[in-house]
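The values are calculated or read from the model by the stated rules, or taken from the named source; none is laboratory data. If you're wondering where the values come from, they're calculated on a predicted model, not measured in any experiment. Positions of Cβ are backbone-derived with ideal geometry, glycine not excepted, and every protein chain shown enters the neighbour counts.
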Amino acid sequence: MAALNGVYIQNAGASSHRLYNGTGAILYQGELTVLGRLVAVANEQVGIAAIGAFDTEDGAIVQTTDLETSEDTFATNGQNVYFNPATGQFSDTATVGYFLVGQLVAGGTKDSGGMIIFAKQRWADAIESDET
């Protein structure tokens, strides 16, 4: 993963695991990533090729302003939220190489400050060529 993103989990639960960081980058506390197929948020700084604590709760309410330019309309409640592992940003567009990581909640639109709120999935769905 190339870039740092910061998310905030509004309703953290008990689904926390110690996992291996195989992303090739340092992960910082509050950073969302995909590890294998798990959508995980680092609970601490986790070094490259290190093991650390991650929140993997299904349905955790997450908020972020780290959005892909020109892929950040987010105008419909329940709209899919995609994660670009190359930039660490979130998108409203299904693109090959991205992962489906959740759906918009809380009114379903990007607010005036550019923030979206979404329910995080436990399992990431990879976007493949036949899905775009």
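Some values worked out for this structure:
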item: Restricting the range 30-79 to residues that are without any contact (Cβ under 8 Å) to a residue 40 or more places away in the chain and among the hydroxyl-bearing types (Ser, Thr, Tyr), the residue that is nearest to residue 90 (Cα to Cα); result: 69
item: Subset of the range 88-106 [of a type in the set (S, T, N, Q) and not in a loop (DSSP other than H, G, I, E, B)]; result: 89, 91, 103
item: Residue list for the range 120-132, restricted to those being outside any loop (DSSP other than H, G, I, E, B) and either surrounded by fewer than 19 Cβ atoms within 10 Å (Cβ to Cβ) or without any contact (Cβ under 8 Å) to a residue 40 or more places away in the chain (or both); result: 122, 123, 125, 126, 129, 130, 131
item: Tally of residues being aromatic (Phe, Trp, Tyr) and either touching a helix residue (DSSP H, G or I) at 6+ places or on another chain (Cβ under 7 Å) or in a loop (DSSP other than H, G, I, E, B) (or both) across the range 14-42; result: 1
item: Selection count, the range 21-41, where residues are touching a Phe, Trp or Tyr at 6+ places or on another chain (Cβ under 6 Å) and surrounded by 21 or more Cβ atoms within 10 Å (Cβ to Cβ); result: 1
item: Which numbered condition residue 58 fails, given (1) part of a loop (DSSP other than H, G, I, E, B); (2) buried (at least 16 other Cβ atoms within 10 Å of the Cβ); result: (2)
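Conditions tested, residue by residue: (1) at pLDDT below 95; (2) β-branched (Val, Ile, Thr); (3) over 21 Å from residue 126 (Cα atoms).
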residue: 48; (1), (2), (3): no, yes, yes
residue: 55; (1), (2), (3): yes, no, no
residue: 76; (1), (2), (3): yes, yes, yes
residue: 91; (1), (2), (3): no, no, no
residue: 94; (1), (2), (3): no, no, no
residue: 103; (1), (2), (3): no, no, no
residue: 111; (1), (2), (3): yes, no, yes
